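The values are calculated or read from the model by the stated rules, or taken from the named source; none is laboratory data. The model shown is predicted, which means the values in this text are computed figures rather than measured ones. Here the Cβ positions follow ideal geometry from the backbone for every residue, glycine too, while neighbour counts run over all protein chains shown. Just the protein is used for accessible areas: all its heavy atoms, side chains included, with ligands, DNA and RNA removed. Shrake-Rupley method; radii C 1.70, N 1.55, O 1.52, S 1.80 Å.
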Amino acid sequence: MNTFQQFFTRLKSWSWLRIILVCSLSLAFIGTGTVLGILFVATRDLPTFDSFQDYQPSLVSRVYADNGDIIGQFFIERRLYTPIDQIPKALTQAVIAVEDTRFLEHPGLDIVGIGRAAWTNLKKGGRFQGASTITQQLARALFLTPERTYTRKIKELVLAIKMEWVLTKDQILEMYLNQIYFGHGAYGIAAATLTYFDKSVTELILPEAAFLAGLPKAPNTYSPFRNPDRAKSRKELVLHRMIEAGFITKEEAQTAIGTTLNYRRQAIKPIASYFVEDIRQHLVERYGESLVYKGGLQIYTTLNIEMQNLAEESLQQGLRQLDKRQGWRGPLAHVELTKDFVPPEEYPELHSPHAALVHGLYRALVTKVTKKSADILVGNTFKGTISLDDMKWAERRLKDVNDVGTALVQKKITPRRILKVGDIIEVLPKKGNLESGIFMLEQTPLVEGSLLALDPRTGAVQAMSGGYDFNRSQFNRAVAARRQPGSAFKPLIYATALQQGLTPATLILDAPVVYQDEELDRVWKPENYEKRFYGTISLREALRHSRNAATVRLLEQIGVPEVITVASSLGIQSPLSQDLSLALGSSSVTLQEITSAYGVFSNQGMWLRPYHITLVKDVKGELLEQHLFEPRQAMTQENAYLTTNMLMDVIQSGTGRRAKRIGRPLAGKTGTTNGYKDAWFVGYAPNLATGVWVGFDSVRTLGRLESGAHAALPIWTQFMGKALRDLPVMTFTIPEGIQFAQVDTTTGDLPTKSSRHISTEVFRKGTEPGKAAAQKANPMDFFEFDRMNSGSSSQFSSF
């Protein structure tokens, strides 16, 4: 008898009850094993209990101005963490009522809810109703993907139970309200409250709480900005659920339903984009991207919002004015204007006023042109007019838009010679609003520029504009661009001369001089801006009027290495030329470097490193970084004041006299490079130092006569004139070691009875003249003395 026969023979002897029992146990064993196997496979990669306690959501890092206003945010998910005790009870009740009524009773999964959902789905013939508890939703949001599979559902259930074992209901609700997505880029209840109501969570009222509680199910569907009717219906549903749950009365619900909600998005206007980007780069380099974008850092900075707005406004206006002087480049484009004209899709700026605003200017369509004006349409909405006077600057027309030297001036200009019907142009409302209907013809400048302002007493950067428009170019020309400063470098040379014992009254020869570059076999003949020379002049006069030849002779006398040493002590870290061309600012530096160096003259010789971050805190409020002041005496107080006193003359009667109208104690210096490729003005009051640079990124001419005084100084004057209004009037401190004395400006000595040019000069005590000149100085005598005492450069020899 074989094995099978034996088995069936034995089976016949069993009772039916025994058979059923064995089969049931076998099936139960197999089923249990199968379930356990499925659970093992589905949950083997789930997080541990510790990970629930170590919950660290991705939080927004915020950047604050010096007054505490938010100027920037860094995030992957825009989330601001809010503890449960700061969340209104009405909001937590609304969420429980609409998402999980039995939240406070079930252990993570709601058996009653699952049964009810299953019955509903069965009746409807499909999966129409879910049964996920708040805990399950949190588990899914934290650890799982949104895919709809049985494996994910099993993981979700297991995670929910595990979370309920180690976390309290309040902890789960707090994590849920800070993690979940509410639409329009808002993660968590704090960001959602700002997004929809521009207020704090603690300020929420019942109808607002009901609306927010209804969003997580379908944020886009119930967005009040997209579907206001659906948003209202969803809010009312939540309120009815709150009545059913016993959280509110019918009267309270009716009052909330009758309340009209004022939806308004948080308005964080982009400001100081170059400054904020500089902050971001510093933080990422120091702390890494993860902490910066997810860590909820609090970054407190030195930025003054009012000054920053002035900086951006002054720079943009100054660059637009310069661009107009360079010439009109013509319309942006041209379209054929028919009777049933519809703006083409390729020109979205013609469809709405919002889209029409590009780089700070509005784009408009010319609809009619007469002998005296042109009619325009802005954003297919606002009609306006441009008079001949407001477009007359366009009579200067560029043949080559990349060469300002190709401009031709049209005679007897009329609007018809400038514009045509169908032209797409750039404009600005003359009275500041589109409704006025009066516009000016504009064009986005190709020229770039930068402005940086700091407090010379602390080094705090208070305003920074690194270009015309951050959206056009993110390159920060205030801190990253190295350009030749031209004559703006000269104060460092004169400061070095003062350090060596020379005085503002010391005479120097401003006369033709020729240098031979032996290595390159070329001749260098430094010339003055005016193409003439002025003979024997004082150092004060040479700096006041920016005399090139005199400055080159001075540098030869005091020595190039000595100037480089002084420049380094003033914070100039860029490499400097080891030859006499340094006298004319041939070595490229950054705007921040040169502005900080001028700040030393203002701050009685004390140098402080420029900084923009005051302190950085982590999400727990612990200090990560704080600026420490480390002042360094870069030069004596006396020499700093002497330099300042000489630079005050630049504004009073020299190349910077346009700034005199500000009516404050000011000092500064213009700078212009060969071919008008760079224009500078750097200057300061005792409590504010500001530098301005203007030029093309491609290093080409700004145009004939576009010097520092013409291209950069107007920007500086506009900014400083307004920025100083809110600052106290201060005078430059006169150190005790300073002595005033009258001198004969033609000799540099004490005046005699025959002296005809007498002025009061300032000296460091011990350097003032002790006697009158025996006879009038002969320029040629000084020239010989200058030659005998000058140091030769490694590349240049004088002859």
Legend entry - Lone qualifier among 245, 231, 209, 256 - being open to solvent by less than 70 Å² (accessible area, probe 1.4 Å), more than 33 Å from the chain's Cα centre (by Cα), at pLDDT 95 or above and more than 30 Å from residue 65 (Cβ to Cβ): 209
Inset, instruction - Would you check which residues across the range 767-780 are at pLDDT below 90 and under 14 Å from residue 506 (Cβ atoms) and list them? - result: 768, 769, 773, 777
Inset, instruction - Kindly check whether there is at least one residue in the range 330-351 that is surrounded by fewer than 13 Cβ atoms within 10 Å (Cβ to Cβ), at negative phi and of a type in the set (A, V, I, L, M). - result: yes
Inset, instruction - Would you be able to tell me the number of residues in the range 593-623 that are of a type in the set (Val, Ile, Thr), in a strand (DSSP E or B) and open to solvent by less than 40 Å² (accessible area, probe 1.4 Å)? - result: 2
Legend entry - Among (1) surrounded by fewer than 24 Cβ atoms within 10 Å (Cβ to Cβ); (2) within 41 Å of the chain's Cα centre (by Cα) - the single one residue 534 does not satisfy: (2)
Inset, instruction - Quick one: in the range 744-759, of everything that is within 52 Å of the chain's Cα centre (by Cα) and in a strand (DSSP E or B), which residue is nearest to residue 535 (Cα to Cα)? - result: 744
Inset, instruction - Kindly indicate whether any position in the range 243-257 is among the hydroxyl-bearing types (Ser, Thr, Tyr) and either over 26 Å from residue 96 (Cβ atoms) or in contact with a Ser or Thr (Cβ under 7 Å, 6 or more places away or on another chain) (or both). - result: no
Inset, instruction - Name the residue, out of 315, 303, 297, that is closer than 30 Å to residue 706 by Cα and either among the aromatic types (Phe, Trp, Tyr) or touching a residue at least 40 places away in the same chain (Cβ under 8 Å) (or both). - result: 315
Legend entry - Residues (within 16 Å of residue 77 (Cα to Cα), assigned to a helix (DSSP H, G or I) and among the β-branched types (Val, Ile, Thr)) located in the range 155-201: 189, 193, 195
Inset, instruction - Go through 451, 377 for me and flag whichever is buried (at least 19 other Cβ atoms within 10 Å of the Cβ), without any contact (Cβ under 8 Å) to a residue 40 or more places away in the chain and in contact with a strand residue (DSSP E or B) (Cβ under 8 Å, 6 or more places away or on another chain). - result: 377
Inset, instruction - Spot the failing condition for residue 710; the list is (1) modelled with pLDDT under 95; (2) open to solvent by 50 Å² or more (accessible area, probe 1.4 Å), and only one is missed. - result: (1)
Inset, instruction - Please go through the range 654-674 and pick out each residue that is within 23 Å of residue 733 (Cβ to Cβ), open to solvent by 10 Å² or more (accessible area, probe 1.4 Å) and not basic (Lys, Arg). - result: 662, 663, 665
Legend entry - Criterion (small (Gly, Ala, Ser) and either more than 25 Å from residue 760 (Cα to Cα) or surrounded by fewer than 24 Cβ atoms within 10 Å (Cβ to Cβ) (or both)) met by exactly one of 583, 542: 583
Inset, instruction - For the range 191-200, enumerate the residues that are open to solvent by less than 10 Å² (accessible area, probe 1.4 Å) and of a type in the set (A, V, I, L, M). - result: 191, 192
Inset, instruction - Could you list all residues from the range 622-660 that are without any contact (Cβ under 8 Å) to a residue 24 or more places away in the chain, closer than 30 Å to residue 279 by Cα and not acidic (Asp, Glu)? - result: 623, 626, 627, 628
Inset, instruction - For the range 352-374, name all the residues that are surrounded by 14 or more Cβ atoms within 10 Å (Cβ to Cβ) and in a helix (DSSP H, G or I). - result: 353, 355, 356
Legend entry - Failed condition for residue 748, given (1) of a type outside the set (Val, Ile, Thr); (2) modelled with pLDDT of 85 or more; (3) surrounded by 14 or more Cβ atoms within 10 Å (Cβ to Cβ): (2)
Legend entry - Conditions (1) part of a helix (DSSP H, G or I); (2) under 30 Å from residue 455 (Cβ atoms); number of the one not met by residue 575: (1)
Legend entry - Verdict on residue 140 being at pLDDT 75 or above, surrounded by 13 or more Cβ atoms within 10 Å (Cβ to Cβ), basic (Lys, Arg) and not in a helix (DSSP H, G or I): no
Legend entry - Condition check for residue 731: within 30 Å of residue 660 (Cβ to Cβ) and modelled with pLDDT under 90: no
Inset, instruction - Considering every residue within the range 104-111, establish whether at least one is surrounded by 16 or more Cβ atoms within 10 Å (Cβ to Cβ) and either modelled with pLDDT of 95 or more or outside any loop (DSSP other than H, G, I, E, B) (or both). - result: no
Inset, instruction - Consider residue 222 carefully, then state whether it is assigned to a helix (DSSP H, G or I), surrounded by 21 or more Cβ atoms within 10 Å (Cβ to Cβ) and not charged (D, E, K, R). - result: no
Legend entry - Counted residues, the range 403-430 - those being open to solvent by 80 Å² or more (accessible area, probe 1.4 Å) and either within 21 Å of residue 318 (Cβ to Cβ) or part of a strand (DSSP E or B) (or both): 3
Inset, instruction - Would you be able to say whether some residue in the range 660-682 is assigned to a helix (DSSP H, G or I), aromatic (Phe, Trp, Tyr) and touching a Pro at 6+ places or on another chain (Cβ under 7 Å)? - result: no
Inset, instruction - Any chance you could count how many residues in the range 630-681 are among the acidic types (Asp, Glu) and within 19 Å of residue 503 (Cβ to Cβ)? - result: 2
Inset, instruction - State which residue is most open to solvent (accessible area, probe 1.4 Å) when the search covers only the range 727-743 and only residues that are in contact with a Lys or Arg (Cβ under 8 Å, 6 or more places away or on another chain) and not in a loop (DSSP other than H, G, I, E, B). - result: 739
Inset, instruction - Pick out the one residue from 76, 70, 96, 84 that is closer than 19 Å to residue 238 by Cβ, of a type in the set (A, V, I, L, M) and at pLDDT 80 or above. - result: 96
Legend entry - Extreme residue, most open to solvent (accessible area, probe 1.4 Å), among residues of the range 290-303 that are under 18 Å from the mean Cα position of the chain (by Cα) and closer than 19 Å to residue 81 by Cα: 300
Legend entry - Complete set of residues in the range 477-526 that are among the charged types (D, E, K, R), at pLDDT below 95, more than 28 Å from residue 764 (Cα to Cα) and surrounded by 15 or more Cβ atoms within 10 Å (Cβ to Cβ): 517
Inset, instruction - With the checklist (1) assigned to a loop (DSSP other than H, G, I, E, B); (2) of a type in the set (D, E, K, R); (3) in contact with an Asp or Glu (Cβ under 8 Å, 6 or more places away or on another chain) in hand, flag the one item residue 346 doesn't pass. - result: (3)
